[in-house]
Amino acid sequence: MAWTATSTLCCRLIRLPSARCPPPSLARCSATSAARSPDAVDIEYADLNLRPLYPIRGQHLRIRQHVNPLSSSFSEPTEPPEWKEVFEDPLLPLMIDIGCGSGRFLIWLAKNSDQRRNYLGLEIRQKLVERTQFWVNELGLRNVYFMYANATVSFEQIISSYPGPLSLVSILCPDPHFKKRHHKRRVLQPPLVDSITKNLCLGGQVLIQSDILEVAADMRKRFDGYFDILAHVDRVDKDLHCDNEGWLLDNPMGIRTEREIHAELEGATIYRRMYQKIRDASH
């Protein structure tokens, strides 16, 4: 990227209930808790009041849960948008949420965060993008935009054209693709890790999390390999604490994703790591 920022970014920690030790009432997964999940999401995102904004003729929006990103349909990189058309100020620092799902998480941040930045959601399921961008337009937000894109093949082309600094990338509870032969379908492949690390501005951050330990450990291993460029945030900010295994104890974003809400209602543990770029790669 032509534009870089040298100042260290401050990540404001907002204490949410710790994911390490869910209370006993949450530890018992039940049909009741599963039924309450949609209500819990609505409560968490109540100030957005999104449901009335998207009429779907009395039916639920049917979304395919699992998509094969290796399909020929997703093999070509998505062209970047005209940034000045989608953002009021395209020079602001940018946060990208890879696999943004319904988009509520980013919309909430765009509406409520006190940090001046733009927000970009990348999602491989087109129906979700269409609905989310409809919400954005209805709310009149000019600092958040959603794209139908396969981040694994499109990230570099998209971010290399952005005129401002890349300050934060989040990959939150991605599709686990459990079968070993399907691990190659996981979004976080080496080229994407390289592109994220290269394009982050100095002080920029990467947040990864999953309620599946094996998936979280796989993502962690990939970013831990860049120890000469990235430092885990507890080394940079002593107010951020980890458990004995190095997982960040608290959610640093001030809002939980929908998957995070569902998982915690079922008593699951959220495994998260957050890295900060401390130097550029040697050339």
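The values are calculated or read from the model by the stated rules, or taken from the named source; none is laboratory data. Model, not experiment: these values are computed from the prediction. All Cβ positions, even for glycine, are placed from backbone atoms using ideal geometry, and neighbour counts span all protein chains on display. Side chains are part of the model used for accessible areas, which takes the heavy atoms of the whole protein and leaves out ligands, DNA and RNA. Shrake-Rupley method; radii C 1.70, N 1.55, O 1.52, S 1.80 Å.
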Residue 187 meets each of (1) in a loop (DSSP other than H, G, I, E, B); (2) of a type in the set (A, V, I, L, M, F, W, C); (3) buried (at least 17 other Cβ atoms within 10 Å of the Cβ); (4) over 15 Å from the mean Cα position of the chain (by Cα) with one exception, condition (4)
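Within the stretch 256-283, which residues are of a type in the set (Lys, Arg) and either within 20 Å of residue 109 (Cα to Cα) or assigned to a strand (DSSP E or B) (or both)?
Of everything in the stretch 256-283, those that are of a type in the set (Lys, Arg) and either within 20 Å of residue 109 (Cα to Cα) or assigned to a strand (DSSP E or B) (or both) turn out to be 256, 259, 272, 273, 277.
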Counted residues in the stretch 129-151 being of a type in the set (S, T, N, Q) and open to solvent by 40 Å² or more (accessible area, probe 1.4 Å) come to 1
Pair list, Cβ < 8 Å and 6+ apart or interchain, from the stretch 230-242 residues that are under 21 Å from residue 201 (Cα atoms) to residues that are of a type in the set (Ser, Thr, Tyr)
230/197; 230/275; 231/275; 232/275; 233/275; 236/8
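Here is a yes/no grid of residues against (1) modelled with pLDDT under 95; (2) acidic (Asp, Glu):
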position: 170; (1), (2): no, no
position: 175; (1), (2): yes, yes
position: 198; (1), (2): no, no
position: 236; (1), (2): yes, no
Considering only residues that are open to solvent by less than 40 Å² (accessible area, probe 1.4 Å), in contact (Cβ under 8 Å) with a residue 60 or more places away in the chain and among the hydrophobic types (A, V, I, L, M, F, W, C), which ones fall in the stretch 201-222?
201, 206, 207, 208
Boolean, residue 198 is open to solvent by 10 Å² or more (accessible area, probe 1.4 Å), over 21 Å from residue 105 (Cα atoms) and assigned to a loop (DSSP other than H, G, I, E, B)
no
Would you point out which residue out of 237, 218, 228, 211 is within 20 Å of residue 113 (Cβ to Cβ) and of a type outside the set (Gly, Ala, Ser)?
237
Out of all the residues in the stretch 88-120, which are in contact (Cβ under 8 Å) with a residue 40 or more places away in the chain, assigned to a loop (DSSP other than H, G, I, E, B) and among the basic types (Lys, Arg)?
117
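Only residues that are acidic (Asp, Glu) and assigned to a helix (DSSP H, G or I): list them for the stretch 121-165, please.
130, 138, 156 - these are the residues of the stretch 121-165 that are acidic (Asp, Glu) and assigned to a helix (DSSP H, G or I).
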Which of the following residues is more than 15 Å from residue 206 (Cα to Cα), without any contact (Cβ under 8 Å) to a residue 60 or more places away in the chain and not charged (D, E, K, R): 254, 267, 246, 225?
246
Within the stretch 236-255, does at least one residue satisfy the condition of being of a type in the set (Lys, Arg) and either assigned to a helix (DSSP H, G or I) or closer than 30 Å to residue 41 by Cα (or both)?
no
Single residue of the stretch 73-87 satisfying the filter (modelled with pLDDT under 90 and part of a loop (DSSP other than H, G, I, E, B)) that is most open to solvent (accessible area, probe 1.4 Å)
76
Which listed residue is at negative phi, open to solvent by 30 Å² or more (accessible area, probe 1.4 Å) and in contact with a strand residue (DSSP E or B) (Cβ under 9 Å, 6 or more places away or on another chain), from 170, 160, 154, 113
113
Is there any pair with a first residue in the stretch 140-160 that is within 13 Å of residue 83 (Cβ to Cβ) and a second that is modelled with pLDDT under 95 and part of a helix (DSSP H, G or I) whose Cβ atoms are under 7 Å apart and which are 6 or more apart or on different chains, and what are they?
147/129
